[in-house]
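Structure first, commentary second.
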Amino acid sequence: MKKIFYILLTCLFITVMGCSKGSENKPPAAKPVDPPTTADPTFTAADATTAYTAFNRYYYNTAKKLYYSTTQQDGLGAIWTQAIYWDMAMNVYERTNDPAQLTLVNDIYQGGFDQYDGYNWDNTTTWFIYDDMMWWVMALARANQMTGNQVYLQKAIAGFNRVWNGSYDAVNGGMFWDFQHSGKNACINYPTVIAAMRLYKLTGDASYLTKAKSIYVWAKTNLMDANGRIADHKIGNNAPGYEDYTYNQGTAIGAAMALYNETKDEAYLSDAKLAADYTKTKMGANGILPAEGDFNEQGVLKVIFAQYIMQLITDGKQTQYLDWVKTNINTGWNNRDKERNLTWRNYALAAPRGVMQSYESSSIVTFMQLYFKK
């Protein structure tokens, strides 16, 4: 995944932008707009449709069947984020049951097929890091659950096997995030648990359940502290590198919920609540999730968090988080660019009216679909 990562170099950690083909230039500051007032209405299901329609209007490339990176529509978004947008499309279909939306879900698969060498997991130019693959494996497995298309399942199985065989540390446990095995990050370990559990449910192959439990134990031991804070990475025998990212909190919740749903072991549910509580009380300000992503791909992180906090609320019946989620959605939606109906990564501020990224416009849209999902 194109994200901040850490490498060990001459006994020092050097922070760099990892696996990136270059950050996009940040546009000039947009003109300020008036902030929302307390009279702004609460978002509705119709607003969820409006938000998604606007997102597709400004970001969906109908020819490529994938998403642009910015409103300028001059290049596609990063490979891993396309899998996240595919998840968004599936959320919309689950909310609406609209046949046209199911067509779009299948179209996005085809867009990825055409753009990424037919999901050839052995192409080390297209796929250059393990977690990029795993985001797609997760989405492919979910698409099979939704559509029954066996091609999606076979692609998911092949991708999971490719990542497992190259990433898993059979000696010390855990998953390496990159081909060079420089470290083990939350962004590969927790998604591996989620993907394995989806494949277990789809195939009945108990080896996936065994792998999910194994990676979860490693991740909980090495990446989660007693307060539910998730470390971004662990390099060798060094202490975990704690950086607060909503997607790491989210996938930790998702992994715990996947195992809880299968085993009904309350320990997993407790872990999920602990990670959610940390996010709610320690990240962001005044009950609003952190902005994340200053014109970079981190703008998509809250999309991933949205997916799994809503699972905790619905599957785990932890409705104590619902008002918090609702406040975030309402704040972000009321602060949208009302001319374009595009939302922004910083929910607490009025959205800019200039060039925006699909990454930073995506999380409120996803939250809204999940909030109203049937």
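What to note about this one:
- Between the stretch 167-182 and the stretch 190-212, the Cα center-to-center distance that results, in Å: 18
- Helix 186-203 axis, angle to the chain major axis (alpha carbon atoms, nearest 10°): 80
- Distances between placed amide hydrogens fall under 5 Å for residue 66 paired with 61, all partners being 5 or more residues away or on another chain.
- Taken along its principal axes, the alpha carbon cloud of the stretch 36-371 reaches lengths of 57, 43, 34 Å, longest axis first.
- Counting only aspartates and glutamates at least 8 places from residue 280 when in the same chain, those with an alpha carbon closer than 13 Å to its own are 244, 323.
- The stretch 160-171 - phi-based ³J(HN,Hα) in whole Hz, Karplus 6.51/-1.76/1.60, Gly and Pro as x: 4, 4, 4, 5, 4, 5, x, 9, 5, 8, 5, 8
- Amide H contacts under 5 Å for residue 76: 69, restricted to partners 5 or more places along the chain or on a different chain, H placed in the peptide plane at 1.01 Å from N.
- Across the cross-link table entries 65/234; 64/273; 234/264; 234/373; 184/373; 64/211, which are compared at the Cα atoms, the separations over 32 Å belong to 65/234; 64/273; 234/373; 184/373; 64/211.
- Residues 74, 337 arranged by fewest to most Cβ contacts within 10 Å: 74, 337
- Computed about its Cα centre, the charge dipole of the stretch 36-371 is approximately 400 debye, with only Lys, Arg, Asp and Glu carrying charge at their Cβ.
- Phi to ³J(HN,Hα) by Karplus 6.51 cos²θ - 1.76 cosθ + 1.60 over the stretch 53-62, Hz, x for Gly, Pro: 4, 5, 4, 5, 4, 8, 10, 7, 8, 5
- Taking the fewest neighbouring Cβ atoms within 10 Å as the starting point, the ordered list for 157, 253, 329 is 157, 329, 253.
- Computed from Cα atoms, the angle from the helix 206-223 axis to the main principal axis of the chain rounds to 80 degrees.
- Amide H to amide H, with H built 1.01 Å from N, residue 342 comes under 5 Å of 337, counting only residues 5 or more places away or on other chains.
- What you get for the stretch 276-374, charging only the Cβ of Lys and Arg (+1) and of Asp and Glu (-1), is a dipole of about 300 debye around the Cα centre.
- A compact globular protein would have a Cα radius of gyration near 2.2 N^0.38 Å; the ratio found for the stretch 63-195 is 1.07.
- Selection from 196, 161, 104, by position along the positive dipole direction of the chain (Cβ): 104
Rule-based calculations on the coordinates, nothing more; no lab input. For clarity, every value in this text was computed on a predicted model and none was experimentally measured. For neighbour counting, all protein chains shown are included, and Cβ atoms are generated from backbone atoms with ideal geometry for every residue, glycine included.
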